[in-house]
Amino acid sequence: MERDILEQLYHEHYRAAWLYVLALCRDPALAEDLVAEAFVKAYLSFPEAHTGFRFWLLRVCRNLWLDHLRRESHREHDPPEPYTDRTPEHAVLEQERNEALYRCIETLPLRDRELLTLFYFSGLSIREIAAAVGGSEGAVRTGLCRARGRLRKKMEEEGYGIS
């Protein structure tokens, strides 16, 4: 029974988790690895209540990403190039404006990318985002407002007016 529930949760939440981690790391292979590891953790420490599973899973993904950054900070390497290859999310973002939006989001600072991805693509509430990133609801609201402003400016620089 538990396996069926985990399989259902995987199908419901994998894409959101993968998009979130991809927004953080800009590396699809690493995103797949981190999300897979998060689902292994889900299997090993499956929360009894399934409510809030997406929130819990994204928090695990974020923690795995932070652990990865800590491990990698000890090595010298070049920062990752912005991810531009055609991927599954491009199937959803086929129209030119959506692709421009995605490219602009990738150029934003990590904190902006994280807040926008959690709010718009993962569907978390302000309260859930605040808990996930360890900040206050007010700080998340302010951060989202500023991130939207920076995104709007980038979109306008690309020649796309926000209506």
So how far apart, in nm, are the two label points at Y120 and E157 if each is 7 Å from Cα heading toward Cβ?
1.6
Using a 7 Å offset from the Cα along the Cα-to-Cβ direction at both D33 and E96, what is the distance between the two label points in nm, to one decimal?
3.8
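Since every read-out is calculated from the coordinates, none of them should be taken as a lab result. Remember, predicted model here, so these are calculated numbers, not experimental data. Cβ atoms come from the backbone with ideal geometry, glycine included; neighbour counts cover every protein chain shown.
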